[in-house]
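Presented below is the structure to which this report refers.
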């Protein structure tokens, strides 16, 4: 049987990425697709840490680009498993811009990824439940279930 884990056991707290010219679009801001590619990779790390298995992306919800990111800025990616069901899990990703001189941050992107843990035959497998501990984790845990119900076309009570 899979061991139950806490959310903090799978968190990616600080994954930095500096924006270079090849990351920019025609208006000299970071390509949204590039940011999402990195977010997907960071979310996968969190999912893999939780499950101890290879995890594949099933879907992405609620992508919100709040501010543009510019050349030379450093993005900080944060990811955490919000909730686990049978073989799937929701991983929340938050992206900040960090001012390296002052340490100040600005929130620029949020997204929710759904991952499925798979076995060697690429079939879904059951994974450990997750235990939210803090009030923030408990809120995200409840909201993840509401988002899942919406994704599946069920009423989100």
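One chain, two ends: residue 121 and residue 98. Fully extended at 0.36 nm per residue, the span grows by 4.2 nm beyond their Cα-Cα distance. Temperature 4 °C, viscosity 1.567 mPa s: under these conditions the Stokes-Einstein estimate for region 3-56, based on its Kirkwood radius over C-alpha pairs, is 101 µm² per second. Evaluate the relative contact order of the chain (contact order divided by residue number), counting alpha-carbon pairs under 8 angstrom at least 6 apart; express in whole percent. This gives 27 percent for the chain. Calculated [222 nm] ellipticity per residue, helices only, for the chain: -8000 deg cm²/dmol; basis is -39500 (n - 2.57) per DSSP H run with n ≥ 4, divided by all residues, nearest 500. Go ahead and collect, in residue order, the members of region 25-42 whose backbone nitrogen is under 13 Å from a label point 7 Å along the Cα-Cβ direction of residue 70. Of the residues in region 25-42, 28-30 have backbone N under 13 Å from the label point off residue 70. P(r) for the chain, from all Cα pairs and a bin width of 10 Å, is 11, 38, 32, 16, 3, 0 %, short bins first.
We did not get these values from a lab; they are worked out from the coordinates using the rules stated. What you are looking at is a predicted structure, and each value in this text was computed from that prediction instead of being measured. Here Cβ is always computed from backbone atoms with ideal geometry, including for glycine, and neighbour counts include all displayed protein chains.
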